[in-house]
Amino acid sequence: MIGNMIDNESVGYFATAGKFLDLTLFLPTVLTQTITPLLVKVRETGTKGGIRKTRKKAFVSITVWISILLALFTSVCSHWLIYLTFGEKYSLAVPILQILAWKTIGMALSSSAGQIIIMEGLQKWAFIRNMLGCFICIGLNYILIPKY
């Protein structure tokens, strides 16, 4: 979309920022995939609903707070990250990385909530949520890419 709406140089800056974004998205995803089996085990043992609910809230909270810290670190250090790895020539990727870093929070929330939705057998809601998110993302891209 960026290449068609703006130019190929902007695609390069976006791809440069995306390299670091992949690293920040990795940790919450691994955390979610690691903790989910523990939550499934708690669910299968038949512990009380209140304990299960508390553990799910703690799971989501921990995942989101870790992603907030990662996003803050990436956003604050984006200049040094880009400059030290790609050089001054790619300095226009810095504001892109500063904005994209905050995507980590949404991805962590989506990943952890998605696992809970699947554990509870509510897959039809996951489909609706994903389709709604897809349409919103495409719409916002058409509006915001040319503007910013």
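Considering (1) modelled with pLDDT of 85 or more; (2) open to solvent by less than 50 Å² (accessible area, probe 1.4 Å); (3) not basic (Lys, Arg), the lone condition that Leu84 does not fulfil carries the number (2).
When each of Leu132, Leu97, Leu109 is tested for being at pLDDT 85 or above and under 20 Å from Ala17 (Cα atoms), the lone residue that passes is Leu97. Please indicate, with yes or no, whether at least one residue in the stretch 99-109 is crowded, with 18+ Cβ neighbours inside 10 Å, among the β-branched types (Val, Ile, Thr) and part of a helix (DSSP H, G or I). For the stretch 99-109, residues crowded, with 18+ Cβ neighbours inside 10 Å, among the β-branched types (Val, Ile, Thr) and part of a helix (DSSP H, G or I): present. With the structure loaded, tell me whether Thr104 is out of contact with any strand residue (DSSP E or B) (no Cβ under 9 Å at 6 or more places or on another chain) and in contact (Cβ under 8 Å) with a residue 60 or more places away in the chain or whether it fails that test. For Thr104, the condition - out of contact with any strand residue (DSSP E or B) (no Cβ under 9 Å at 6 or more places or on another chain) and in contact (Cβ under 8 Å) with a residue 60 or more places away in the chain - is met. Taken over the stretch 111-148, the criterion of being outside any helix (DSSP H, G or I) and over 18 Å from Arg55 (Cα atoms) is satisfied by Leu122, Tyr148.
The values are calculated or read from the model by the stated rules, or taken from the named source; none is laboratory data. Everything numeric in this text was worked out from a predicted model, so none of it was measured. Quick reminder, even Gly has a Cβ in these numbers, built from the backbone with ideal geometry, and neighbours come from all protein chains shown. Please note that ligands, DNA and RNA were not included when accessible areas were found on the heavy atoms of the full protein model with its side chains. Shrake-Rupley method; radii C 1.70, N 1.55, O 1.52, S 1.80 Å.
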